[in-house]
Each structure stands twice: as C-alpha cells, then as structure tokens.
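Written below as structure tokens is the structure these notes are about.
The values are calculated or read from the model by the stated rules, or taken from the named source; none is laboratory data. Since the model is a prediction, treat every value here as computed from it, not as a measurement. Don't worry about glycine lacking a Cβ; one is built from the backbone with ideal geometry, like all the others, and counts go over all protein chains shown. For the accessible areas, the whole protein counts, side chains as well, though only heavy atoms, and no ligand, DNA or RNA atoms are used. Shrake-Rupley method; radii C 1.70, N 1.55, O 1.52, S 1.80 Å.
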Amino acid sequence: MPPAAQSLLATAQQLAPRISARAEEIENARRLPADLAQELAQAGFFRTFIPEAYGGSELHPAHSLEIIETIARADGSTGWCVMIGSATAMVSAWLPEASARNVYSPPETITGGVAAPIGRAERVDGGFRVSGRWPWASGSHNCQWLMGGALIIQDGKPLLSPKGIPEARVFVFPAKDTVLHDTWHASGLCGTGSCDIEVKDLFVPAEYSFSLLSERPRVQRPLYGFPPFALLGVGLPAVALGIARRAIDDFVSLAQQKVMYPSRKLLCSRGPVQQAVAEAEALLRSARALLYESVHQAFDAGAKGDVSLRTRADLRLSYTHATRTSARVVDMVYELAGGPAVFRTSPLQRCLRDVHVATHHAMVAPPTLETIGGVLLGVETETAFL
C-alpha cells in the first residue's frame, strides 16, 4: 500500500468504533449526519479516485475496496455513502481540466448522483438544457455537486448514434440548483439518504458533461485505464463484504454468550452451528479473494491498455458474486442467531436489511449474470456497460 492508502485505512479503522456507535442515529435520520460527512470529506475518503494532479489520492481500486470494507463493517449506510462519493469523483478524469478543478479542488467537496440516462438534454448555444428526476441519489444531502445522466434530444426525439443507439451524456451541476425529494423510506441502508434529485430546464455548460461510453478519460493514468463502468461500481461489493464481515463477527460474539435451554450449553458448542460458521467464513473469504484477484487483473490490463471483454466479464462476475454471496452469508448467521437477532439492538437485523438492499443495485443484480454468462458461452449479448 502506498502511504496515502495506508493513512486512509488507518483513519477508517480509528473512526470505525465511533461510526458504529452512531449507526442507530444514522438510520433514524435517514441520511448521513452533516458533521460525519464533513469529517469523512476532510479525511480524504471521497478523493480516492481523483487524479493526484487535481489534489486526489488516485488509489489503486483494491486499496479503495479495503477502505470501504472497513467503513461498511462499522455501518453499512456510511460505507455506502463513502462508496458513492468516491466513485462519482472518478468523473474528474473525464471532465475538462478547468471544470474538474472547479468542482474538485476544494478538499471538502462531495459529489453524488445517478449516471443512468433517465433525464432529457437539448443542445443549446454553449451547452444543454437538462431536465430529469433521478431516484437512488445516495448521499445527496451532503453534496456540493450532483450529476445525472440524460438522453440527448433533437427535434423532440432521442438523437441516435451511427449504430442506432441513443446518445447519452452525464451532466454535472451545482447541488443548489437541484430539488431533493424526500423519498427514501427503505427497508435497508436507511441512512444513505438515497432520495430523488430533480432539475428542470437547467442550463449546463458543455464542459460540465461527458460520456463514459464514447469518450476517453482526459487524464492518462493507469487508474483510468480500468473499465469505466467497473470503476464506477467497484465499491459496491466492498460494502456488501463489510456488512457480511460484521454479521459473522457479531454472531461469533453472540454464540459465545448465548445459553441454550434446557441443555444450558453455549450456542457455540453446537456442532451444526460450528459447521455453518465455518461454511460462512469460507464463502465470504473465497468471494472476497475472487473480487481482489479480478480487480488486480483488470487494473494490470488497463495499465497496458489491453482490457479484453473476458476480463471485463470476469470483473463484473466478481462484483455480483461477492455481493450476493455476502447476502447469503448474512442470511446464514442471522438464522443461526435465533430470537436475539430480530431486535433493533442487534446489529444482525441491520446487516440483514442493509445487505439485501445492496443486492438490488443494477450493477450487481441477477440480470448481470445473464450478460456475463453470454460472454462465457460465446453468445452475442450487449456488453457496453460491463
């Protein structure tokens, strides 16, 4: 690990107990408290994918994974917000330098938003008129800048590329120009504040837009040779892994204290419990190993400018597998825990709810396996977003 990564990981480990102690507060607030978001920003957690030239730490994705895992183990919602803020900051390498510096030079900057092309954008002199409402905009309450994907509209219809695909861009705009709709009443990851953001007929200069599909990064560094959509989603499995690690650790602690009746033996003395914990540990660590292996392979390939379709498929497979395996692990230990796990005082019930919300993200949802399977089988399939 380079010094910057070591420092951030050490800070995450130091902050973890305080974050964990505030988990109930974060959940009840349905958003990350402003003071905690500011502390995380000042520590540099949202700058891991910003180029060093712009004041970021430009970490290897594997180092970012470990940092996010550590925070997510303390609290899933906080880990999720760190994941979103750091991931969206990768756009600094795609924006023109002046725009990137304007957005990301302040060390306290936090960005967020939704890249999916849900909005509409019409070309005008100097830029675009953008309208749209984007759900799942995690962490938006603490952001200074937000972004939203939009289809380019011409003569009332989506503009098509030469291949017949609708043209889409992502637009970056000041958070003060948006409306935040308080829609986040969810079963899990309750503290992420993943509300809807909306803009109406907002002028966005052309230099505050970009395309991950048709444009190359403007900063030529190894990090930005990583597949762009994979870089955007690399922290997702890290959050799930952190939540699952917390679940196992908390169950082990419970099992060493819970007395079973009428035997009056500890839960940890039961053979089936011992077997299940061993299986859960193996599942989690093997999924984590595949994730890190795939991330390293993709990074090395990207640094050489030679990321194959198979490498991209393997990478996304590791994301989906790690996330869904984490959910399976949490299910296992939650069931083993019995009655104590259902109470709000138990971190296990929060782990259960949080990890199952994480599995619904489009980048790690079951349909990704269809695309990956198509690549493995040599079947023609849409792979642009791998």
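Table for the structure above
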| item | result |
| --- | --- |
| The listed residue being in contact (Cβ under 8 Å) with a residue 24 or more places away in the chain and under 12 Å from the mean Cα position of the chain (by Cα), out of A93, A72, A121 | A72 |
| Failed item in (1) open to solvent by less than 10 Å² (accessible area, probe 1.4 Å); (2) modelled with pLDDT under 95, with L291 passing the rest | (2) |
| Test set (1) touching a residue at least 12 places away in the same chain (Cβ under 8 Å); (2) more than 17 Å from the chain's Cα centre (by Cα) - P33 fails condition number | (1) |
| Residue within the stretch 322-332 that is within 30 Å of I50 (Cα to Cα), crowded, with 23+ Cβ neighbours inside 10 Å, over 15 Å from the mean Cα position of the chain (by Cα) and not hydroxyl-bearing (S, T, Y) present | no |
| Per-region count, the stretch 357-386, residues in contact with a Gly (Cβ under 6 Å, 6 or more places away or on another chain) and open to solvent by 50 Å² or more (accessible area, probe 1.4 Å) | 1 |
| Residue that is nearest to M90 (Cα to Cα) [pool: residues in the stretch 38-69 that are among the polar types (S, T, N, Q) and surrounded by fewer than 24 Cβ atoms within 10 Å (Cβ to Cβ)] | S57 |
| Single condition A89 does not satisfy, out of (1) buried (at least 20 other Cβ atoms within 10 Å of the Cβ); (2) touching a Phe, Trp or Tyr at 6+ places or on another chain (Cβ under 8 Å); (3) not in a helix (DSSP H, G or I) | (3) |
| Residue match in the stretch 239-251 (condition: farther than 20 Å from D75 by Cα, acidic (D, E) and in contact (Cβ under 8 Å) with a residue 40 or more places away in the chain) | no |
| Among the residues listed as R169, R123, the single one being among the charged types (D, E, K, R) and surrounded by 14 or more Cβ atoms within 10 Å (Cβ to Cβ) | R169 |
| The stretch 359-379, subset assigned to a helix (DSSP H, G or I) and among the hydrophobic types (A, V, I, L, M, F, W, C), residue farthest from A240 (Cα to Cα) | L377 |
| Neighbours by Cβ (under 8 Å, 6+ apart or cross-chain): first from the stretch 127-154, among the aromatic types (F, W, Y); second open to solvent by less than 10 Å² (accessible area, probe 1.4 Å) and in a helix (DSSP H, G or I) | W145/V103 |
| Qualifying positions in the stretch 126-142 - under 14 Å from D196 (Cβ atoms) and either among the aliphatic types (A, V, I, L, M) or open to solvent by less than 40 Å² (accessible area, probe 1.4 Å) (or both) | G132, W134, A137, S138, G139, S140 |
| Considering residues of the stretch 186-213 that are open to solvent by 10 Å² or more (accessible area, probe 1.4 Å) and closer than 30 Å to I26 by Cβ only, the residue nearest to the chain's Cα centre (by Cα) | C190 |
| Selection from the stretch 13-61 of residues that are among the small types (G, A, S), part of a helix (DSSP H, G or I) and under 27 Å from Y224 (Cα atoms) | A37, A41, A43, A53 |
| Residue count for the stretch 8-37, restricted to those that are surrounded by 20 or more Cβ atoms within 10 Å (Cβ to Cβ) and of a type in the set (V, I, T) | 2 |
